[in-house]
Amino acid sequence: MANAIITFQIMPDDAGIDLEAIKSEAKIIAEKAGSVGDMLITDEPVAFGLKKIIVKAMYVVDSVDFDTIAADMAKIEHVQTADVAGMDLPLG
(Lines give C-alpha, C1' and ligand atoms only; values in the text may rest on other atoms or scores of the structure.)
Protein backbone atom coordinates (compact mmCIF):
# COMPACT_ATOMS: atom_id res chain seq x y z
CA MET A 1 0.00 0.00 0.00
CA ALA A 2 1.41 3.35 -1.06
CA ASN A 3 0.95 6.74 0.53
CA ALA A 4 0.07 9.84 -1.46
CA ILE A 5 -0.19 13.51 -0.61
CA ILE A 6 -3.57 14.75 -1.81
CA THR A 7 -4.17 18.45 -2.41
CA PHE A 8 -7.71 19.71 -2.01
CA GLN A 9 -8.72 23.18 -3.22
CA ILE A 10 -11.66 24.85 -1.47
CA MET A 11 -13.28 28.00 -2.88
CA PRO A 12 -15.37 30.09 -0.47
CA ASP A 13 -18.52 31.70 -1.84
CA ASP A 14 -17.51 35.25 -0.82
CA ALA A 15 -14.41 37.30 0.02
CA GLY A 16 -15.74 38.28 3.45
CA ILE A 17 -16.04 34.73 4.79
CA ASP A 18 -14.18 33.57 7.92
CA LEU A 19 -11.55 31.29 6.39
CA GLU A 20 -10.44 29.93 9.78
CA ALA A 21 -13.84 28.31 10.33
CA ILE A 22 -13.66 26.63 6.92
CA LYS A 23 -10.08 25.48 7.55
CA SER A 24 -11.12 23.97 10.88
CA GLU A 25 -14.02 22.06 9.33
CA ALA A 26 -11.86 20.88 6.41
CA LYS A 27 -9.23 19.57 8.84
CA ILE A 28 -11.86 17.59 10.75
CA ILE A 29 -13.19 16.08 7.51
CA ALA A 30 -9.68 15.14 6.32
CA GLU A 31 -8.82 13.54 9.67
CA LYS A 32 -12.08 11.55 9.82
CA ALA A 33 -11.35 10.26 6.32
CA GLY A 34 -8.09 8.75 7.55
CA SER A 35 -5.32 11.25 6.88
CA VAL A 36 -1.96 10.21 8.32
CA GLY A 37 0.87 12.40 9.56
CA ASP A 38 0.94 16.16 9.47
CA MET A 39 -1.46 18.21 7.40
CA LEU A 40 -0.81 21.59 5.74
CA ILE A 41 -3.70 24.04 5.42
CA THR A 42 -3.06 27.42 3.83
CA ASP A 43 -4.90 30.09 1.89
CA GLU A 44 -3.86 31.76 -1.36
CA PRO A 45 -5.20 34.92 -3.00
CA VAL A 46 -7.35 34.46 -6.10
CA ALA A 47 -8.71 37.93 -7.03
CA PHE A 48 -10.51 40.94 -5.57
CA GLY A 49 -9.93 39.86 -1.96
CA LEU A 50 -11.12 36.28 -2.53
CA LYS A 51 -8.80 33.57 -1.20
CA LYS A 52 -8.87 29.82 -1.85
CA ILE A 53 -7.99 27.29 0.82
CA ILE A 54 -5.42 24.60 0.08
CA VAL A 55 -5.44 21.41 2.17
CA LYS A 56 -2.55 18.96 1.76
CA ALA A 57 -2.98 15.66 3.57
CA MET A 58 -1.38 12.22 3.27
CA TYR A 59 -3.48 9.09 2.82
CA VAL A 60 -2.98 5.40 2.11
CA VAL A 61 -4.02 5.36 -1.53
CA ASP A 62 -5.91 2.06 -1.60
CA SER A 63 -8.18 2.88 1.33
CA VAL A 64 -9.76 6.25 0.50
CA ASP A 65 -12.06 7.80 -2.11
CA PHE A 66 -10.67 11.31 -2.52
CA ASP A 67 -13.65 12.60 -4.48
CA THR A 68 -15.89 11.74 -1.53
CA ILE A 69 -13.64 13.76 0.79
CA ALA A 70 -13.81 16.73 -1.60
CA ALA A 71 -17.61 16.38 -1.77
CA ASP A 72 -17.78 16.44 2.03
CA MET A 73 -15.62 19.58 2.09
CA ALA A 74 -17.94 21.19 -0.46
CA LYS A 75 -20.78 20.82 2.06
CA ILE A 76 -19.06 23.14 4.55
CA GLU A 77 -21.07 26.33 5.09
CA HIS A 78 -19.97 29.20 2.80
CA VAL A 79 -18.00 26.89 0.46
CA GLN A 80 -18.79 27.22 -3.23
CA THR A 81 -16.65 24.32 -4.51
CA ALA A 82 -14.08 21.81 -3.27
CA ASP A 83 -12.01 19.66 -5.60
CA VAL A 84 -9.05 17.31 -5.65
CA ALA A 85 -6.37 19.57 -7.11
CA GLY A 86 -3.43 17.19 -7.10
CA MET A 87 -1.87 13.93 -6.02
CA ASP A 88 1.84 13.59 -5.25
CA LEU A 89 4.08 10.88 -3.85
CA PRO A 90 5.85 11.72 -0.57
CA LEU A 91 9.63 11.94 -0.63
CA GLY A 92 11.83 10.14 1.83
Scanning the stretch 76-88 for residues that are within 11 Å of residue 6 (Cβ to Cβ) and more than 10 Å from the chain's Cα centre (by Cα) gives 86, 87, 88
**Asked** Of the residues that make up the stretch 32-47, is at least one touching a Gly at 6+ places or on another chain (Cβ under 9 Å) and of a type in the set (D, E, K, R)?
**Response** no
Checking 11, 73 in turn, the sole residue that is of a type in the set (A, V, I, L, M), in contact with a helix residue (DSSP H, G or I) (Cβ under 7 Å, 6 or more places away or on another chain) and at pLDDT 95 or above turns out to be 73
Take residue 16 and tell me if it is surrounded by 11 or more Cβ atoms within 10 Å (Cβ to Cβ), without any contact (Cβ under 8 Å) to a residue 40 or more places away in the chain and assigned to a loop (DSSP other than H, G, I, E, B). no
Those residues of the stretch 25-42 which are part of a helix (DSSP H, G or I) and under 28 Å from residue 91 (Cβ atoms) amount to 26, 27, 28, 29, 30, 31, 32
Residue 45 fails exactly one of (1) touching a residue at least 60 places away in the same chain (Cβ under 8 Å); (2) part of a strand (DSSP E or B), namely (1)
Exactly one of 76, 53 is in contact (Cβ under 8 Å) with a residue 24 or more places away in the chain and part of a loop (DSSP other than H, G, I, E, B), and that residue is 76
All conditions in (1) at positive phi; (2) surrounded by 13 or more Cβ atoms within 10 Å (Cβ to Cβ); (3) not β-branched (Val, Ile, Thr) are true of residue 37 except (2)
Selection from the stretch 57-69 of residues within 10 Å of residue 30 (Cβ to Cβ) and either in a helix (DSSP H, G or I) or within 10 Å of the chain's Cα centre (by Cα) (or both) yields 57, 69
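The values are calculated or read from the model by the stated rules, or taken from the named source; none is laboratory data. Everything numeric here is computed off the predicted structure, so don't read it as measured data. Positions of Cβ are backbone-derived with ideal geometry, glycine not excepted, and every protein chain shown enters the neighbour counts.
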